[in-house]
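Notes follow once the structure below has been shown.
The values are calculated or read from the model by the stated rules, or taken from the named source; none is laboratory data. Computed from a prediction, not measured in an experiment: that's the story for all the values here. All Cβ positions, glycine included, derive from the backbone under ideal geometry; neighbour counts span all protein chains shown.
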Amino acid sequence: MTAVESEHDGVRGIEAEAAPTRFARGWHCLGLSERFKDGKPHSIKAFGQKLVVFQSGDGKLNVLDAYCRHMGGDLSQGTVKGDEIACPFHDWRWGGDGRCKQIPYSRRVPLRARTAAWTTLDQDGMLFIWNDPEGNPPPADVTIPRIEGATRDDWTDWVWSEITVDANCREVVDNVVDMAHFFYVHFSFPTFFKNVFEGHVATQYQKGKGREDVRPPAKDGEPKMLGNTSVASYHGPSFMIDDLTYHYDVMDIDSVLINCHYPIDENSFVLQYGVIVQRSDKLQGDAAEQTAAKMAEFIAKGFEQDVQIWKNKTRIDNPLLCEEDGPVYQLRRWYEQFYVDVADVRPEMVERFEYELDTTRPIEAWKREVEDNLARAKAVGGVPSLDGGAA
Amino acid sequence: MTARQDNRLTDGAPMLPVRCLQCGAGVQARKASWQQTSVQWSVEAAGACLERRASAPRGGPNGEAFLACEALRESIRQAALDGMIPVPDN
């Protein structure tokens, strides 16, 4: 057997390092902020720890390590007292900055009475926390963009859901390059697809047509679905905003879809998705809410199918890709920047990479042009070339 | 969790240098088919791109991201038509 043959006949191994126990640097959304504004402490398992979320008297949302530095009491079982969270064990009072402010039975707070506190951001109805294993504050240019519709009356409120998934969160991020799943999961037929990775943002542009084989043609008088345009960006490791417009013959429906997650530990994460829809003269009152609810239902079905795959599949660091697959390796190279120290972020993790599939220009048109090119070259008696550098 | 090499780049065509006919920025490009194009930019190329410098953010929450340089797209198209970027038959 020749070396070439053995190479082709060999069994392909699946390689996978253990999922990292370090958690990504970046903004993570914990859910709709309203949920945490009931005057009670909330318990959240994230980043391999237990956290307490509470609203202090000044209205601010705070996130601390849930375990009291005194005797280890669970602050998320405690009580909000003024601007502080009081431990249920001995009533020690902790401020949103992580410092112990008061011990009611003691005259003095001991030295080093400070616990882990996360920087929070309450924006557009969602609560975000900044996670950084190196303990640095968020850089000024690493932000979550504002979502205009979230605070406007002519848009619906968020329709929001969450599910716990028993898999490493890299699985959901991989979706950003998965063109084929639009066809199978979202019943959409992409005519244009593009990924751009640059800096801390990973974007997916998509234009698609509705699939007539799964979506029955509109009845007389009903709006006819023509297709959709989607611009979806991960702003950091875990928060994706999808600016999604559905095109109908008589109107466009504008919506914003959130797809975000936070890790519980290296083997599970909480997947969340939210939808808002813009009202218009064609989509008034309850119709907009119904559309948002319908979209959320549709997304839920898609994710249910994904979850079924994720929880049974194996982790794979060396996927065997065909030419029709998206840029999985390049996405993971981008994603790795969030798992190393800032000083160790390499240029190739953040330098711009583009992957484009444009089916709007038929292959026949390309081939015709190549033939014309060859014919032209033949006519002038040379080989086709670009600025003299012959092929 | 170091990202590995794409098997398509080691077993198939590699990324090849292309220069933008407009601004001269040098990028690496590859085509998996007539309809598919990959482009690897460097910081220098992104800094040299005229269209990028002239671009304004589009609307919407993701409007900051720069979609494409048309001059570079045209340059890669030309390189493919001229046989400088191989395009697999399919």
Every pair of residues 6+ apart whose Cβ atoms lie under 6 Å, when the first sits in region A:98-122 and is in the same structural domain as A:F47 (by TED's automatic domain parsing) and under 14 Å from A:A86 (Cα atoms) while the second is of a type in the set (F, W, Y) and outside any loop (DSSP other than H, G, I, E, B) = A:C100/A:W94
ask   = Name the residues in region B:16-62 that are farther than 29 Å from B:G83 by Cβ, assigned to a helix (DSSP H, G or I) and in contact with a helix residue (DSSP H, G or I) (Cβ under 9 Å, 6 or more places away or on another chain), would you?
value = B:V43, B:G47, B:R53
query = In region B:10-19, what residues are modelled with pLDDT under 95 and facing another protein chain (nearest Cβ under 9 Å)?
reply = B:G12
message = I'd like the residue in region B:42-63 that is touching a Leu at 6+ places or on another chain (Cβ under 9 Å) and at the interface with chain A (Cβ under 9 Å from one of its Cβ atoms) and, out of all such residues, is surrounded by the most Cβ atoms within 10 Å (Cβ to Cβ).
response = B:A45
remark   = Selection from region A:110-125 of residues surrounded by 15 or more Cβ atoms within 10 Å (Cβ to Cβ) and part of a strand (DSSP E or B) yields A:A117, A:W118, A:T120, A:L121, A:D122, A:Q123
key: Selection from region A:138-168 of residues that are assigned to a loop (DSSP other than H, G, I, E, B) and within 12 Å of another protein chain (Cβ to nearest Cβ)   = A:D141, A:T143, A:I144, A:P145, A:R146, A:I147, A:N168
request  = Determine whether A:V256 is buried (at least 20 other Cβ atoms within 10 Å of the Cβ) and touching a Gly at 6+ places or on another chain (Cβ under 6 Å).
outcome  = yes
task = Identify, from the list A:D286, A:D242, the residue that is under 14 Å from the mean Cα position of the chain (by Cα) and without any contact (Cβ under 8 Å) to a residue 24 or more places away in the chain.
result = A:D242
request  = Kindly provide the set of residues from region A:258-280 that are among the hydroxyl-bearing types (S, T, Y) and not in a strand (DSSP E or B), ordered by number.
outcome  = none
query = assigned to a loop (DSSP other than H, G, I, E, B) and hydrophobic (A, V, I, L, M, F, W, C), is that true of B:A65?
reply = yes
remark   = Considering region A:338-351, residues that are more than 10 Å from chain B (Cβ to nearest Cβ) and touching a residue at least 40 places away in the same chain (Cβ under 8 Å), and then whichever is farthest from B:Q40 (Cα to Cα), we arrive at A:D341
query = Among the residues of region A:126-137, which ones are surrounded by 15 or more Cβ atoms within 10 Å (Cβ to Cβ) and either under 14 Å from A:R25 (Cβ atoms) or within 14 Å of chain B (Cβ to nearest Cβ) (or both)?
reply = A:M126, A:F128, A:I129, A:W130, A:N131, A:D132
query = Taking interchain pairs and intrachain pairs at least six residues apart, which have beta carbon atoms under 7 angstrom, with the first residue in region B:20-32 and more than 10 Å from chain A (Cβ to nearest Cβ) and of a type outside the set (A, V, I, L, M) and the second crowded, with 21+ Cβ neighbours inside 10 Å and in a loop (DSSP other than H, G, I, E, B)?
reply = B:C23/B:C49
key: Members of region A:321-332 that are more than 19 Å from B:D11 (Cα to Cα) and either more than 8 Å from chain B (Cβ to nearest Cβ) or without any contact (Cβ under 8 Å) to a residue 60 or more places away in the chain (or both)   = A:L331
ask   = Among the residues of region A:76-89, is there at least one that is in the same structural domain as A:F54 (by TED's automatic domain parsing), without any contact (Cβ under 8 Å) to a residue 12 or more places away in the chain, closer than 19 Å to A:G57 by Cβ and surrounded by 19 or more Cβ atoms within 10 Å (Cβ to Cβ)?
value = yes
inquiry  = So the check is Cβ under 8 Å with 6+ separation or different chains; which pairs have a first residue in region A:305-320 that's within 17 Å of A:I163 (Cβ to Cβ) and in a helix (DSSP H, G or I) and a second one that's at pLDDT 90 or above and among the polar types (S, T, N, Q)?
reply    = A:D306/A:N175
query = Given the structure, is A:Q290 at pLDDT below 90 and either closer than 28 Å to B:Q36 by Cβ or surrounded by fewer than 14 Cβ atoms within 10 Å (Cβ to Cβ) (or both)?
reply = no
message = For region A:222-257: of the residues being part of a loop (DSSP other than H, G, I, E, B) and of a type in the set (G, A, S), which is nearest to the other protein chains (Cβ to nearest Cβ)?
response = A:G236
